[in-house]
Amino acid sequence: MLLTPRDAARTAVPVQPAPGRAALAALAAYAAIKALGLAVLFLWAELADRSAHRLLAERWDSLWYVRVVEHGYGFTLTAPDGRVLSNTAFFPLLPWLEEGLSAVTPLGPADAGLAVSAVASLAAAWGIFRLVDHLYGPRAGVLTVVLWGALPVGIVQSMAYSESLFTALAAWSLYAVVRGHWPAAGLLAALAGLTRPVGLAVAAAVWAGAYLALRNNSGTDSSTANSSGSGNKNTGSERLRILAGVLLAPLGAAGYVLWVGIRKGSPLFGYLDVQGAWGNGFDGGLAFARFIGGLITSTPPAGLALAAGVIALLWLYTRGIRQGQPLPLLVYSGIVMVLALCSSGYFGSKPRLLMPAFPLLIPAAVALARTKAPVVWAVTGLLSAAAAVYGAFWLHGSGPP
């Protein structure tokens, strides 16, 4: 089964807003959550005598993206332990946009990164809404956007980081997949692949959707073909459109990884060597499991909370399967989750690495959509306030590496 039909998801929801109004409500709610988070951050920074602007634009990965703009690829720094850290670890789409925006506006690269992130975060919220609205109705669409904005590390969506840009491209690519717009889905997946290494998850989602469309003899709307058991037969031109999407989808990520590998003298493993110097690798989650075990031993409340968070993620993914979530969404969020949880480095960055896996929030949003308005307001208000406070606390501490 490809997904639960949209009408079935709506049967338990007594009132649904009009789609146009719901889209505006989703964007307005998301903007309000972002504004609250930024307000708390700036107030916290003022009280701590720090610069909120620097926290958002001039720390960690943000600086490395700027170095790509200012120095091109090939810039390196030597870590205290002798490791050589290269900026080729950072994919090029965000620095390209920073450079282009800086060329036509008075903004420097760092501020251009903030501008790109601001626009991309709204595009991501819109894409998430359109996708979930198409599958489960506008009320669930609005609430998925709200939950995504109110994630504990949602402040990253306002930073000069690539998460917002990547999520926007992924959401719209997935929307194109479920609508059967294959060249657009492939192109957006390719651009996502130029944004972050996990862009291959978007490509895999396109492949999964294409497989189902061909198997079900429907190249039009893959969100309804399997649930209805019928669809238009694929014409030769439609198969070519599907093939175009399939071939386009991996070009961004695969092309950049191959380019870095050639520069390093090892086309297949050069990029892995670059990431290895940064301490990143894939060990199936062993290092993360040991980290959680050590934390439980040394700081039981924190360790148990972290373990509970991992269990909650797995539960949400299972709920998505039982809900009949479309296979492309399950493939996408599953790969994002596996890569985030099973990497061997930077345990503190895992929450933000999971941020693009927004389909994990859909079961909670659908359940919340069936509750009464006072409950919705109470839950989303509490989550938004907690995210605003935690985001400010997080950036004033170690923050995301």
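The values are calculated or read from the model by the stated rules, or taken from the named source; none is laboratory data. Treat the numbers as computed from the prediction; the structure is a model and nothing was measured. Neighbour counts are summed over all protein chains in view; Cβ atoms, including those assigned to glycine, are modelled from backbone coordinates with ideal geometry. Protein only, heavy atoms only, side chains kept; ligands, DNA and RNA dropped before computing areas. Shrake-Rupley method; radii C 1.70, N 1.55, O 1.52, S 1.80 Å.
Numbers at a glance
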item	result
Rg/Rh for the range 127-184, where both radii come from Cα atoms and Rh is the Kirkwood radius	1.02
Selected from 32, 211, 57, residue furthest toward positive end of dipole (the chain; charges at beta carbon)	211
Estimated Rh, the chain: Kirkwood, alpha-carbon pairs, angstrom	21.8 Å
Ratio of the Cα radius of gyration of the range 61-112 to 2.2 N^0.38 Å, where N counts its residues	1.21
Per-q log10 I(q)/I(0), the range 272-367, q = 0.15, 0.17, 0.19, 0.23 Å⁻¹ (Debye; single scatterer per alpha-carbon; no solvent)	-0.65, -0.80, -0.95, -1.18
The range 102-193: relative contact order as a whole-number percent, Cα under 8 Å and 6+ apart	31 percent
Shape parameters for the range 304-347, alpha-carbon atoms, Rg then Dmax in Å	11.6, 33
Globularity index of the range 232-292, i.e. its alpha-carbon radius of gyration over 2.2 N^0.38 Å	1.75
The range 67-72 - phi-based ³J(HN,Hα) in whole Hz, Karplus 6.51/-1.76/1.60, Gly and Pro as x	5, 5, 5, 7, 10, x
Heavy atoms of residue 299: accessible area, 1.4 Å probe, square angstrom to 10	60 Å²
For the range 347-401, alpha-carbon Rg relative to the globular expectation (2.2 N^0.38 Å, N residues)	1.38
Rg in Å to one decimal, and Dmax rounded to a whole Å, for the range 14-151 via C-alpha atoms	18.8, 62
Gap separating the Cα centres of the range 127-169 and the range 231-275, nearest whole Å	26 Å
